[in-house]
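Let me begin by presenting the structure, written as structure tokens, before commenting on it.
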Amino acid sequence: MTKYIFVAGGVMSGVGKGIAASSIGNILQSSGYKVTALKIDPYVNVDAGTMNPTEHGEVFVLDDGTECDQDMGNYERFLNRSFSRINYMTTGSVYLSVIQKERAMGYGGKQVEVVPRIPLEVIDRINSAIKKDKADIAVVEIGGTVGEYENILFLEAVRMLKIKTPQNVALVLVSFLPALGAGGDELKTKPTQHAVRSLNAVGLHPDMVLARAAVPLDKKRKEKIEFMCSIPRGYVISAPNVSSIYDVPINFEKDKLGEKLLSRLGLKVKNKNTREWRKLVGVIKNLEKPVHPVKSRKAGISPKAKSFNRVKIGIVGKYFATGNFVLEDSYISVIEAVKHASWANKRAPEITWLSAEQYEKSSDRINELKNYDGIIVPGGFGSRGVEGKIKAIEFCRKQKIPYLGLCLGLQLAVIEFARNVCKIRDASSREFNPKTASPVIDVMPEQKALLSEKKYGATMRLGSYKCLIKKGTKSYVAYKNTVISERHRHRYEINNDFRDELEKNGLVVAGVNPERDLVEIIELKNHPFFVASQFHPEFKSRPLNPHPLFREFIRVAAKRNVQR
Ligand code: GLN
């Protein structure tokens, strides 16, 4: 009998519902169950692909090319596995299927009502994901916050399922508890009480409340939520801020979350196996500790220099600033990949955001890159900040600073090399300069047609493609394999008309897609680490399985160990 656990949010968004759902999945998986995880987003966009990252955070890409919400990345990282198209849906995609089915006479001439048709389509999709994964339990996260208009049809799907088989459905409310006073004074339960009433208004009642707050929830307030919201004793779980998201499952388990949820569904823990995960969290916590004075002296470094177990990485990008806020969500998979690789190299990562545009305005600023052990230029679209990134790449190439380029970071590395080494002074990408006479980065013919018809949604080169790695390259040292598969999301490519010229001047083509003869990885010789990929390795990095390219990049960067 398949079981469903729905995770909904109360009070406000952005309190870590995705991490909570991923952690629940992680706990159930480590309790011996086969788990699948789904994300439902309430927006009308058919997928996340057309959204600006500053709008909704990073666009995550699955093996099958689905462009989805960043929470799918959390599911893959916490469950250490890949998901597919069926694990992600939006209001837009659900309506689209129903409308397409109606146009094909799929409802046999009946009037198609929003209820029950839309919720039934949602349930169908959840069941397809369960079937595909042969899962015992599906963890389904409902985006948005209860009480708003947008996710009501998804909650209706939960109600329908619960009415049919109440013993198979559990609903978890992740709610926020504010505190007005400094230092996390008294946590207020009232907004949570209102959130529970909003659920009651749509015919639902939570089986468990995860109380998100800056600090742990005390006994008195736990009991108050239990009493005021009719939650069974022990089913209000404290979910305070923790320094690492990977500690959340372990933290939940202190309150026996897994056991309680399973018992609510009539199940028991089968074979508990949390060894690897606990080991990882142990490593993270150890690295975050203040520097040990004896160890640092032995390493020949003053205990005052924080650098000895650190690796200092600069990310040169543009999607992180809105007003005074740093929007780290835009690059979440890159950040996580850097962390995984750093921990695997027994280093604590120290990541700094460097705005590309500042290097366009002042040429002296670029010298600050010397203060980093390694530099990353991540993916991006459009021309803003591009010239600044090219300057940063030139600096890394000449000053021998470890460099990792991701997608746009490869394209700009090629442009820089073409301009400054091959002396093709006007080298550019057709993306920023459609009329360039030297398009070293160009659009593929099939993409040209799509662009002229304004067909932007889900039309890039997306998802996993094979890549053959040349032996004797740094990429081979990293992958220890000649055949790999990596995820893509781009429209432009290295123009093969310029490949000879680039290679003649020393650019190493380390990876190629065999079907299309497209360059997938470039590198430089006589440089500690200068590697850039057309694909996005960050999407496949997992805490228990750090990505080989990131791992090698951090290994080399850590050796540089700039003194601060
Ligand atoms: N804008 C570039 C392209 O479309 C790079 C995309 C990316 O970095 N993901 O090819």
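A few remarks follow.
- Rounded if a/c under 1.5, otherwise prolate or oblate - region 174-262, Cα gyration tensor axes: oblate
- Span from the region 380-414 Cα centroid across to the region 252-284 one, whole angstrom: 43 Å
- Of Met105, Met460, Met72, Met1, the residue with the largest accessible area leads and the full order is Met1, Met105, Met460, Met72 (1.4 Å probe).
- A protection proxy built from the mean count of other Cβ atoms within 10 Å ranks the segments 38-44, 217-223, 172-178, 432-438, most packed first, as 172-178, 38-44, 217-223, 432-438.
- Working note: 222 nm ellipticity from helices only, DSSP H runs with n ≥ 4, each -39,500 (n - 2.57), summed and divided by the residues of the chain, gives -11000 deg cm²/dmol to the nearest 500.
- Three-way shape call for region 30-180 based on the alpha-carbon gyration tensor, with the a/c threshold at 1.5: rounded
- Computed from backbone phi with θ = phi - 60° and the Karplus coefficients 6.51, -1.76 and 1.60, the 3J(HN,Hα) list for region 464-469 is 7, 9, 6, 9, 9, 9 Hz; x is used for glycine and proline.
- Cα-only radius of gyration and Dmax that characterise region 126-227, units Å: 15.8, 49
- Solvent-accessible surface of the chain, averaged per residue with a 1.4 angstrom probe and all protein chains in place: 43 square angstrom.
- Here region 388-437 is treated as a Stokes sphere of Kirkwood radius computed over C-alpha pairs; at 37 °C and 0.692 mPa s its diffusion coefficient rounds to 294 µm²/s.
- Nearest-10 value in Å² for the accessible area of Val477, using the 1.4 Å probe: 80 Å²
- The DSSP beta bridges internal to the chain are antiparallel in roughly 35% of cases.
- With every protein chain in place, region 61-105: carbon and sulfur % of accessible area (1.4 Å): 57 percent
- Taking the longest Cα principal axis of the chain as reference, the axis of helix 190-201 is set at about 70 degrees.
- Length gained when the stretch Glu503-Val483 is fully extended (0.36 nm per residue, less Cα-Cα span): 5.0 nm
- Taking all protein chains together and rolling a 1.4 Å probe, Leu267 ends up with roughly 40 Å² accessible.
- Within the straight-line cut-off of under 23 Å between alpha carbons, the lysines reachable from Lys132 are Lys3, Lys34, Lys39, Lys101, Lys162, Lys164, Lys270, Lys540, sequence neighbours fewer than 8 places apart in one chain being disregarded.
- Cβ-Cβ distance of Asp124 and Glu357, R₀ of 45 Å, FRET efficiency by 1/(1 + (r/R0)^6): the value works out to about 0.45.
- For the chain, diffusion coefficient by Stokes-Einstein and Kirkwood Rh (Cα), 4 °C, 1.567 mPa s, µm²/s: 51 µm²/s
- Take 443-453, 368-378, 517-527, 16-26 and order them by the average number of nearby Cβ atoms within 10 Å per residue, most first; the result is 16-26, 368-378, 517-527, 443-453.
- Among 402-410, 232-240, sorting by the average number of other beta carbon atoms lying within 10 angstrom of each residue, highest first, gives 402-410, 232-240.
- Extension gain, Lys134 back to Val283 (0.36 nm per residue minus Cα-Cα distance, nm): 50.3 nm
- Between helix 91-103 and the chain: long-axis angle, C-alpha atoms, 0 to 90°, nearest 10: 80 degrees
- Helix axis angle, 275-288 relative to the chain longest principal axis, alpha carbon, degrees: 60 degrees
- Cross-link pairs beyond the 25 Å C-alpha cut-off, checked among Lys222/Lys289; Lys346/Lys474; Lys17/Lys224: Lys222/Lys289
- Once backbone amide H atoms are built at 1.01 Å from N, Arg81 has no partners under 5 Å, excluding neighbours fewer than 5 places away on the same chain.
- Shape of region 4-85, Cα gyration tensor, a/c cut at 1.5: oblate
- Taking every DSSP beta bridge that has both ends in region 1-158, the antiparallel portion is near 10%.
- Applied to region 514-530, the Karplus parametrisation 6.51 cos²θ - 1.76 cosθ + 1.60 on θ = phi - 60° returns per-residue 3J(HN,Hα) values of x, 5, 10, 6, 9, 6, 10, 9, 10, 8, 10, 8, 6, 8, x, 6, 9 Hz, with x for Gly and Pro.
- Per-residue SASA remark: Trp353, around 50 Å² accessible (1.4 Å probe; ligands, DNA and RNA not included).
The values are calculated or read from the model by the stated rules, or taken from the named source; none is laboratory data. Quick caveat: nothing in here was measured; it's all calculated off a predicted structure. Every residue, glycine as well, gets a Cβ built from its backbone with ideal geometry; the counts of neighbours run over all protein chains shown. Heads up: the accessible areas ignore ligands, DNA and RNA and are worked out on the full protein's heavy atoms, side chains in. Shrake-Rupley method; radii C 1.70, N 1.55, O 1.52, S 1.80 Å.
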